[in-house]
Amino acid sequence: MKQVLLKSGTWLNRRSVRFVLMLTVFAFIFAKIDRSALMAHLSRFDPTMGAAIVGVFLLSIATFALRWWRICRALGVQAPFKDFIRVLWVSQSVSECGPPLVVGELARFQLMRGSAENWQLIVGQAVDRFSGKIVLLLIALGLTPVYLRLYSEFPALQIVLFALMLLSLASVAVVVFRRFWPMAQSHTRIVLALCNPLRSPGHYGLSLLIQLLLAANFALAAAGLGLSGNALTVFMLGPLLLLGVSSLPALVSDWGKREAAAVFLLAPAGLTPEQSLAVSLIFGALHLLTALPGALLLLSVRRREAVSVRE
């Protein structure tokens, strides 16, 4: 049985298999919606809002990098802030090609090697991931009364809401005990101080800002589609949508699961399935556009490494 599970995991980790599964999810979604209505919504999208969304994504990348830099500085890493922006942007780019938790985190670690000891990088990335997840979970918990009111006519969705909370809490536990704690044990004092919000509130504040920026981009996507009356609702549901996306296994970046979660969570709150899908597609497409320059940064890094090897 163990061998079967290992083979299944290896098979699912293949990029081609993940891509096919993503296309299957999209095919299922598109089979259930009015495709002409979806295209009509997308054709009405305001490019000015698109520029604003890209600007917010750029700000979120800078904030991500600042959070990671502050955490690593507390661990004794002396690399300059510009290195963290460059590496974070590259990781965002490569994450569009696979599961972000695997591809993006590995890219961050590999590109920062040589700038710090391995334990500093691993613990820094783990605390960075933990900070974002725990703040997102707390935001969703704080907004639970709002969600219960929005889904008052959908008891099944209320059950899903609490299931998402439990699943997210379990994923935080996995980050702490499986990926984080074994490496942190030999540096307990500094790690506990870094995770203590009373002693190190800065990165938690940045995590709050990041989640609000991402939720704002869902709302801007709705406004750009002419759904200004629903933009506040979409903003309030943004953390729940992000929580759902982060709790589900990734295929190719967040494509597929984000769209399924959007249709599932936004449609009962007043949007049509086509509007919900359009919001998610706009969000994903503009995030991809914002991340693409990171690929150019990666190419420049590879070129410099090739030149140094020849020399």
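The values are calculated or read from the model by the stated rules, or taken from the named source; none is laboratory data. Predicted model, so just to flag it, every value in this text is computed and none were measured. In this analysis, Cβ positions are derived from the backbone assuming ideal geometry, glycine residues included, and neighbour counts consider all displayed protein chains. Areas reflect the complete protein model, heavy atoms only, side chains present, ligands, DNA and RNA absent. Shrake-Rupley method; radii C 1.70, N 1.55, O 1.52, S 1.80 Å.
Residue by residue, here is whether (1) acidic (Asp, Glu); (2) within 30 Å of residue 82 (Cα to Cα); (3) surrounded by fewer than 22 Cβ atoms within 10 Å (Cβ to Cβ) holds:
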position	(1), (2), (3)
248	no, no, yes
259	yes, no, no
266	no, no, no
273	no, no, yes
276	no, no, no
281	no, no, yes
286	no, yes, no
291	no, yes, yes
298	no, yes, yes
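Given the criteria surrounded by 17 or more Cβ atoms within 10 Å (Cβ to Cβ) and either within 30 Å of residue 231 (Cβ to Cβ) or at pLDDT below 75 (or both), does residue 175 qualify?
yes
Looking at this structure, is residue 39 modelled with pLDDT of 90 or more, among the aliphatic types (A, V, I, L, M), open to solvent by 50 Å² or more (accessible area, probe 1.4 Å) and more than 21 Å from residue 212 (Cα to Cα)?
Yes, satisfied.
So residue 274 clears everything in (1) in contact with a His (Cβ under 8 Å, 6 or more places away or on another chain); (2) at pLDDT below 85; (3) of a type in the set (D, E, K, R) except one condition, right? Which one?
Looking at each condition in turn, residue 274 falls short on (2).
Does residue 91 fit the bill of being small (Gly, Ala, Ser), under 22 Å from residue 240 (Cα atoms) and surrounded by 23 or more Cβ atoms within 10 Å (Cβ to Cβ)? Break it down stepwise before answering.
Values: small (Gly, Ala, Ser): yes; under 22 Å from residue 240 (Cα atoms): no; surrounded by 23 or more Cβ atoms within 10 Å (Cβ to Cβ): yes.
No, not satisfied.
Looking at segment 95-106, which of its residues are buried (at least 18 other Cβ atoms within 10 Å of the Cβ), more than 16 Å from residue 57 (Cα to Cα) and either at pLDDT 80 or above or out of contact with any Pro (no Cβ under 9 Å at 6 or more places or on another chain) (or both)?
Once the filter is applied, which keeps residues that are buried (at least 18 other Cβ atoms within 10 Å of the Cβ), more than 16 Å from residue 57 (Cα to Cα) and either at pLDDT 80 or above or out of contact with any Pro (no Cβ under 9 Å at 6 or more places or on another chain) (or both), segment 95-106 yields 98, 100, 103, 104, 105.
Quick test of your reading of the structure: residue 145 fulfils all but one of (1) free of Cβ contacts under 8 Å to residues at least 24 places away in the same chain; (2) closer than 25 Å to residue 196 by Cβ. Name the failing condition by number.
Only one criterion is unmet by residue 145, namely (2).
Residue by residue through segment 117-163, note down the ones that are closer than 22 Å to residue 207 by Cβ and of a type in the set (S, T, N, Q).
Correct list: 120, 125, 131, 144.
Would you confirm whether or not segment 20-33 contains a residue that is under 20 Å from the mean Cα position of the chain (by Cα), assigned to a helix (DSSP H, G or I), surrounded by 13 or more Cβ atoms within 10 Å (Cβ to Cβ) and modelled with pLDDT of 95 or more?
Taking every residue of segment 20-33 in turn, none turns out to be under 20 Å from the mean Cα position of the chain (by Cα), assigned to a helix (DSSP H, G or I), surrounded by 13 or more Cβ atoms within 10 Å (Cβ to Cβ) and modelled with pLDDT of 95 or more.
Kindly indicate which of 125, 110 is in contact with an Asp or Glu (Cβ under 9 Å, 6 or more places away or on another chain) and either modelled with pLDDT of 80 or more or on the phi < 0 side of the Ramachandran plot (or both). Give the steps one after another, and end with the answer.
Details: 110 fails: in contact with an Asp or Glu (Cβ under 9 Å, 6 or more places away or on another chain).
Just a single option satisfies the conditions, and that option is 125.
Please work out which one of (1) more than 18 Å from residue 71 (Cβ to Cβ); (2) modelled with pLDDT of 80 or more is the condition residue 190 fails and give its number.
Result: residue 190 fails condition (1) only.
Would you confirm, using the coordinates I've provided, whether residue 115 is in contact with a Gly (Cβ under 8 Å, 6 or more places away or on another chain), at pLDDT below 90 and farther than 25 Å from residue 231 by Cα?
The answer is no for residue 115.
Considering segment 189-203 alone, what residues qualify as being free of Cβ contacts under 8 Å to residues at least 24 places away in the same chain and either under 10 Å from residue 131 (Cβ atoms) or part of a loop (DSSP other than H, G, I, E, B) (or both)?
196, 197, 198, 199, 201
Would you check which residues across segment 47-73 are touching a Leu at 6+ places or on another chain (Cβ under 8 Å), open to solvent by 50 Å² or more (accessible area, probe 1.4 Å) and either aliphatic (A, V, I, L, M) or within 27 Å of residue 221 (Cα to Cα) (or both) and list them?
49, 59, 66, listed by residue number.
Could you list, in sequence order, the residues of segment 145-159 that are outside any loop (DSSP other than H, G, I, E, B) and crowded, with 17+ Cβ neighbours inside 10 Å? Before you say what the answer is, go through the steps one by one.
As a first pass, look at segment 145-159 and keep what is outside any loop (DSSP other than H, G, I, E, B): 145-150, 155-159.
Within segment 145-159, 147, 150, 157 qualify.
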